[in-house]
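The values are calculated or read from the model by the stated rules, or taken from the named source; none is laboratory data. Because the structure is predicted, anything quoted here is derived from the model rather than measured. Cβ atoms come from the backbone with ideal geometry, glycine included; neighbour counts cover every protein chain shown. Each accessible area value is taken on the protein alone, full model and side chains, heavy atoms only, with ligands, DNA and RNA left out. Shrake-Rupley method; radii C 1.70, N 1.55, O 1.52, S 1.80 Å.
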Amino acid sequence: MIPAPSGATRLYVIVGDPIAQVRSPAGVSAEFAARGHDGILVPVQVATADLPELLSVAGRLMNLDGIVVTIPHKFACYQACASTTERAHFLRTVNLMRRRADGSWHGDMVDGLGFVGAARAKGIDPRGMRALLVGAGGAGSAIALALVEAGVSELAIHDSAAERRDALVGRLNGLGKAPVRAGTVDPAGFDFVANATPAGMKQGDPLPVDVTRLAPSAYCGCVITKPEISPFIAAARALGCVTATGTDMYRQHQGIMVDFLLGIDGD
C-alpha cells in the first residue's frame with residue numbers, strides 16, 4: 001500500500017506525450033514505499049515544444065528528485081543531463097534522470113535491460129540468435145545495444161527514418177561485437193523479433209512486421225504497455241511463438257529504475 005503523501009514527500013515525475021499508457025507511477029511509488037522511501041511518481045503529459053520549459057521549471061523545484069522519461073522525449077532529455085552513464089552517452093538518449101548534489105541532472109537508459117530481462121524471464125537467451133529489431137528511437141536504440149551486448153549472432157534494424165537507423169547501425173558496428181545491418185519488415189529467418197515502435201497503440205495501426213513470415217519458433221517481444229496485448233503479440237501468440245509484452249519488460253526493469261532514482265546503482 002502506498003502511504004498518503006505529505007509535505008515531506010519527495011517528488012518524481014514521468015514525462016511523455018501521450019502519457020495515459022504508462023504503468024510506472026503505481027509500480028515505482030509502491031517500490032519506494034516497500035523500501036521505506038517517502039517518494040511518489042506522478043505522470044506529466046508535455047508536448048515536445050513545451051519540454052524545454054518544463055525542464056527549466058523542474059530544475060527549480062527543490063523537492064523534485066528525479067524524472068522518468070518516455071516517448072517522445074528520450075533524446076531531448078539526454079541533452080538536458082550534465083552527466084550520464086556510459087550506455088546512455090553511447091546511445092545519446094535517457095529514460096531516467098536524477099538530481100545531482102549540485103542541482104543538475106544525471107541520466108541513464110535502462111530500456112534495453114528490461115527488454116532483454118523479459119526475454120530471459122521467458123526462458124529465452126538471445127546469445128547466438130539472429131535478431132530483428134523494428135524501431136531505432138530511444139527504446140529501440142537501447143534494446144539494440146542490449147542485444148549486441150547479450151551476444152546475438154546478428155542484428156538487423158528496421159526503421160522508417162533511414163538516417164536514424166543508419167546512424168545506430170554504424171555506432172553498434174563500431175563496437176565490434178556483432179554484425180549489425182539494416183533490416184526490413186520481413187521476419188523470416190530470425191529467431192528473435194523485437195517491436196520497439198508505437199505501432200499497435202492506436203486502433204488500425206499497421207503491424208510492425210509481416211507476421212505471415214514469422215516462424216512459430218521465433219521469440220517476439222514488444223515495448224507497448226497499452227493495450228497490454230498488442231496486435232503484434234496477439235498475432236505471434238496465435239502462431240505459437242514465445243512472447244513478452246511491454247508490461248513484462250516494465251516488471252523487469254522497475255527495480256533497476258528505483259535503484260537509479262535513489263542513487264544506489266553504483267553510477
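Miscellaneous remarks
- Scanning the stretch 75-98 for residues that are out of contact with any helix residue (DSSP H, G or I) (no Cβ under 9 Å at 6 or more places or on another chain) and part of a strand (DSSP E or B) gives no hits.
- Residue check, residue 196 aliphatic (A, V, I, L, M), open to solvent by 10 Å² or more (accessible area, probe 1.4 Å) and under 16 Å from residue 114 (Cα atoms): yes
- Just one of the listed residues (249, 257) is in a helix (DSSP H, G or I), open to solvent by less than 10 Å² (accessible area, probe 1.4 Å) and either of a type in the set (Asp, Glu) or under 29 Å from residue 33 (Cα atoms) (or both), namely 257.
- Some residue of the stretch 19-30 being in contact with a His (Cβ under 7 Å, 6 or more places away or on another chain) and either part of a helix (DSSP H, G or I) or closer than 29 Å to residue 145 by Cβ (or both): no
- Residue tally, condition touching a strand residue (DSSP E or B) at 6+ places or on another chain (Cβ under 8 Å) and in a loop (DSSP other than H, G, I, E, B), over the stretch 170-198: 11
- The set of residues in the stretch 39-75 being touching a Pro at 6+ places or on another chain (Cβ under 8 Å), farther than 21 Å from residue 262 by Cβ and at pLDDT 95 or above consists of 45, 48.
- Pairs where the first residue, in the stretch 226-251, is of a type in the set (D, E, K, R) and the second is open to solvent by less than 30 Å² (accessible area, probe 1.4 Å) and at pLDDT 95 or above, C-beta under 7 Å, 6+ apart: 228/245; 237/243; 248/118
- Test: residue 194 is closer than 23 Å to residue 21 by Cβ and of a type in the set (A, V, I, L, M): yes
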